[in-house]
Amino acid sequence: MASVIPDTISIPGYTIFKEGSYDSVAAAAMLPTGTPHPLDQLSILEVPKTAKIVREHVSPQTVKFNCITLRDPLKAEYKSYLACKAPMPDRRAFAIIIVRETQQVAEVVVNLKTGKVEEYKEVKDVMPTLTLEDLDIMERVCRADSRVIRACNELGITDMSKVFIDAWAIGVDERWGFDRRLQQGLAYYRISEFDNQYAHPLDFSVVADTEKEEVLSVDIRYVNGERTAIPLKEHNYMPEFIGDKYVHDRLKPIDITQPQGVSFKIRGNEISWANYKMHIGFNYREGIVISDVRTHDMYEDRERTLFNRISVVEMVVPYGQPETPHHKKHAFDVGEYGTGLMTNSLKLGCDCKGAIHYMDGIMSTANGEAAVIKNAICIHEEDNGLLYKHTDYRDGTVISARDRKLIISQIITAANYEYGFYHTFTLDGTYKLEMKLTGMLNTYCLAPSEEAAPYGTQVAPQITAHNHQHIFSLRIDPEIDGTNNSVVQNDAVSTEAPVGSPENLYGNGFYSKKTPLRTSIEGAADYCYETQRTWDIINPNRINPIAKKPIGYKIVNPNCPPLLAKPGSVVYKRAGFARKPLWVTPYKDYELFPAGDYVCQSTGDENHPHNPTIVDWANRNESIENTDIVVYLQFGLTHFPRVEDFPVMPAEPVSIMLRASNFHEKNPGLWVPPSAICVDTVSANAFAASTSCCSSNAPTSGSRL
Ligand code: ABN
Ligand code: CU
């Protein structure tokens, strides 16, 4: 086995493993032990092994690796393995490469067991994700460019080391064809080393070909023919600037302790907690992937499947300022940059508090080395307030039980913004994805004659922050107690029959109107605030014996802003997925990314031969009834910046939920022992008797809450 040495590059939190040298301590901690689970991310050995096989395959041409990641097993193959009907699927890796000599993009599948390239496919007319290494190029190229230097000199800047360029994907810039790999650079000035860069936005942006390392255009925005002065006032948030202005004495420490340890058990990347079991994966693009989510039903005393795979597969942040170049600001942070790649290395006590289990994220570099993000995934429990409570005034009994959450989270830094992803399971049978938005607003300078409104808010003198939306796409491959599922739309409506009619004599009738979604075109559904629309993912083959309805999970998604960019706009085309809060398609292996596999510089044109999107998948108009389906859930918020969002944003949460709905026979939390102090004396004896023999109340996993 080749020895490896970690070699840290400038990307915070990344440790790169280079072959050929030696540092056993750091490497040993990251080496895989035992046979990997088929869904485990590639190990630090499998990444360079893949690179070597690919290199040999394309030799004498040379390659730049855009990604090296796990090739998920085919679903059928994996399911057969789980059912002990087939051997463990071979480990496979998937790489996207750019052949340096030709700039041709190719997808490669490598069988890590046989050491063979199994598939090699050139993909035309696509641009792969911008890696952190790709983004790194922009600032260096811009700082050295004479036109950029001149644009800065005109503003009075002579020291180019104080000029910073946020590299963004560009979307579509009609001035250059598709032959070039483009980035746009948003320019800022930093007065001092730890100064808030977003406090000094400059009035120009840059377009560059970052493969050729060539600036193509410096787009200066003139207002009445003049440059806009740099906003120079300081707006800082780091401790050295706050100095003695912190108020320490009003906030006493809060410590979170679990003296008897956590209630989850981890084996490799599989976790069991309360009644749940699941597998946790991670990749450069989706970040956290949760698979094989199952629950042990206490009433039926059997394991029941819930979700085959959960991940955030896309997001878009379209900005609403129509003036150029801001129309080009609509970041697809998953598809254009990779959620995994941008993941923070988390710190105990800062990002996460309490008893934390961390998992690393394993990425790859352009050279095909493994790059490890230590502590990329945080797994922990939190108290979640009341699970249930009841006071019986007549007999004097009071009972309440505490709920708790299992949270699997990661935080990414997407240039200015931070996004926290919190995948949360609770004891009532709910899965919730909560996103927390924090970090820095994208700012721009204002000329004296300009007002921020209506397309932005003046967050500080001379600084505007533009209106924008954040629309996330959560992909869930449901497995609601079996593979074949359907989706039914629920609308809370008044009974149609008029007041005074026999059916609705007193006019108070209302009910949940059910509309089955039968095809993928019908599965592209709109939200309806008036009817508090929800959707149930049901298993039509399993009827709840009590409710006499199909068992299901309810999608609760009231936070689904409509895409405000108009039809015909660039972002409307590119972000087709964001036009609907719900899409339902039949499952297909490797059909994952609703804005296309290749989002950088995509146009969103329908029927693209190499880069279909969810609009194309829906247009196939296939049946989604009682079959293996996938749901894409769009949720998020429309952000009109406030001055309180400056100079750094207080975290803003937004979430979506899937709740057990007629899935169980009764409240699934009833097995959770109530807190002794919440049981009134009348029933205390019964409670004491039940807890004296803890096995009667213990979850089957054997862990105690
Ligand atoms: N928010 C846009 C973005 C994300 C990541 C890297 C650069 C820019
Ligand atoms: Cu925002």
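The values are calculated or read from the model by the stated rules, or taken from the named source; none is laboratory data. Computed from a prediction, not measured in an experiment: that's the story for all the values here. Note that we place each Cβ from the backbone using ideal geometry, even for glycine, and neighbour counts take in every protein chain shown. Remember, those area values only see protein heavy atoms, side chains included, never the ligands or the DNA or RNA. Shrake-Rupley method; radii C 1.70, N 1.55, O 1.52, S 1.80 Å.
Worth a mention:
- The number of residues in the stretch 54-91 being under 24 Å from the mean Cα position of the chain (by Cα) and among the basic types (Lys, Arg) comes to 2.
- Annotation: residue 627 fulfils all but one of (1) away from ligand 2 (no atom under 16 Å from the Cβ); (2) among the hydroxyl-bearing types (Ser, Thr, Tyr); (3) closer than 24 Å to residue 570 by Cβ; the unmet one is (3).
- Test result for residue 146, at pLDDT 95 or above and within 21 Å of residue 194 (Cα to Cα): no
- Some residue of the stretch 382-404 being basic (Lys, Arg), surrounded by 18 or more Cβ atoms within 10 Å (Cβ to Cβ) and either touching a residue at least 12 places away in the same chain (Cβ under 8 Å) or closer than 23 Å to residue 94 by Cβ (or both): yes
- Residue identified as open to solvent by less than 10 Å² (accessible area, probe 1.4 Å), charged (D, E, K, R) and either at pLDDT 95 or above or closer than 25 Å to residue 359 by Cα (or both) among 336, 303: 336
- Scanning the stretch 82-113 for residues being under 22 Å from residue 589 (Cα atoms), open to solvent by less than 40 Å² (accessible area, probe 1.4 Å) and either touching a residue at least 24 places away in the same chain (Cβ under 8 Å) or assigned to a strand (DSSP E or B) (or both) gives a total of 15.
- Any strands (runs of 3 or more DSSP E) falling wholly within the stretch 169-277 and containing at least 3 residues that are open to solvent by less than 60 Å² (accessible area, probe 1.4 Å) and within 30 Å of residue 293 (Cβ to Cβ): 270-273
- The set of residues in the stretch 405-434 being open to solvent by 10 Å² or more (accessible area, probe 1.4 Å), closer than 30 Å to residue 197 by Cβ and more than 16 Å from ligand 2 (Cβ to nearest atom) consists of 422 alone.
Condition check ((1) within 16 Å of ligand 1 (Cβ to nearest atom); (2) touching a His at 6+ places or on another chain (Cβ under 9 Å); (3) not in a loop (DSSP other than H, G, I, E, B)) across all residues:
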| position | (1), (2), (3) |
| --- | --- |
| 594 | no, no, no |
| 602 | yes, yes, no |
| 610 | no, no, no |
| 616 | no, yes, yes |
| 629 | no, no, yes |
| 636 | yes, yes, yes |
| 644 | no, no, yes |
| 670 | no, no, yes |
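- Qualifying residue in the stretch 490-498 (condition: touching a residue at least 60 places away in the same chain (Cβ under 8 Å) and away from ligand 1 (no atom under 16 Å from the Cβ)): yes
- All conditions in (1) within 33 Å of the chain's Cα centre (by Cα); (2) modelled with pLDDT under 95; (3) over 29 Å from residue 673 (Cα atoms) hold for residue 215, with the sole exception of (2).
- Identity of the residue in the stretch 143-169, within 30 Å of residue 370 (Cβ to Cβ) and touching a residue at least 40 places away in the same chain (Cβ under 8 Å), that ends up farthest from ligand 2 (Cβ to nearest atom): 165
- Any hit, the stretch 114-135, residues being assigned to a strand (DSSP E or B), more than 24 Å from the chain's Cα centre (by Cα) and crowded, with 19+ Cβ neighbours inside 10 Å: no
- Selection from the stretch 328-342 of residues that are farther than 22 Å from residue 13 by Cβ and more than 16 Å from ligand 2 (Cβ to nearest atom): 328
- Only a single criterion out of (1) part of a loop (DSSP other than H, G, I, E, B); (2) within 16 Å of ligand 2 (Cβ to nearest atom); (3) surrounded by fewer than 19 Cβ atoms within 10 Å (Cβ to Cβ) is not satisfied by residue 653, namely (1).
- Matching residues, the stretch 463-487, being β-branched (Val, Ile, Thr) and open to solvent by 10 Å² or more (accessible area, probe 1.4 Å): 483
- Residue tally, condition assigned to a helix (DSSP H, G or I) and either of a type in the set (Asp, Glu) or open to solvent by 70 Å² or more (accessible area, probe 1.4 Å) (or both), over the stretch 43-75: 6
- Just one residue in the set 450, 418, 381 is within 16 Å of ligand 1 (Cβ to nearest atom) and of a type in the set (D, E, K, R); that residue is 418.
Here is a yes/no grid of residues against (1) of a type outside the set (A, V, I, L, M); (2) buried (at least 16 other Cβ atoms within 10 Å of the Cβ); (3) modelled with pLDDT of 95 or more:
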residue: 489; (1), (2), (3): yes, yes, yes
residue: 512; (1), (2), (3): yes, no, yes
residue: 526; (1), (2), (3): yes, no, yes
residue: 563; (1), (2), (3): no, yes, yes
residue: 584; (1), (2), (3): no, yes, yes
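- Number of the condition not met by residue 497 [criteria: (1) open to solvent by 10 Å² or more (accessible area, probe 1.4 Å); (2) among the small types (Gly, Ala, Ser); (3) within 16 Å of ligand 2 (Cβ to nearest atom)]: (3)
- Boolean, residue 262 is touching a helix residue (DSSP H, G or I) at 6+ places or on another chain (Cβ under 7 Å) and in contact (Cβ under 8 Å) with a residue 12 or more places away in the chain: no
- Those residues of the stretch 604-614 which are open to solvent by less than 50 Å² (accessible area, probe 1.4 Å) and within 19 Å of residue 181 (Cβ to Cβ), in sequence order: 604, 608, 611
- For the stretch 548-555, the count of residues that are out of contact with any Cys (no Cβ under 6 Å at 6 or more places or on another chain), aromatic (Phe, Trp, Tyr) and either open to solvent by 50 Å² or more (accessible area, probe 1.4 Å) or over 26 Å from residue 483 (Cβ atoms) (or both) is zero.
- The residues on offer are 350, 445, and the sole one that is open to solvent by less than 50 Å² (accessible area, probe 1.4 Å), more than 16 Å from ligand 2 (Cβ to nearest atom) and of a type outside the set (D, E, K, R) is 445.
- Of everything listed in (1) of a type in the set (Lys, Arg); (2) touching a Ser or Thr at 6+ places or on another chain (Cβ under 6 Å); (3) without any contact (Cβ under 8 Å) to a residue 60 or more places away in the chain, the single unmet condition for residue 533 is (2).
- Test: residue in the stretch 283-294 that is in contact with a Cys (Cβ under 8 Å, 6 or more places away or on another chain), more than 16 Å from ligand 2 (Cβ to nearest atom) and assigned to a loop (DSSP other than H, G, I, E, B): yes
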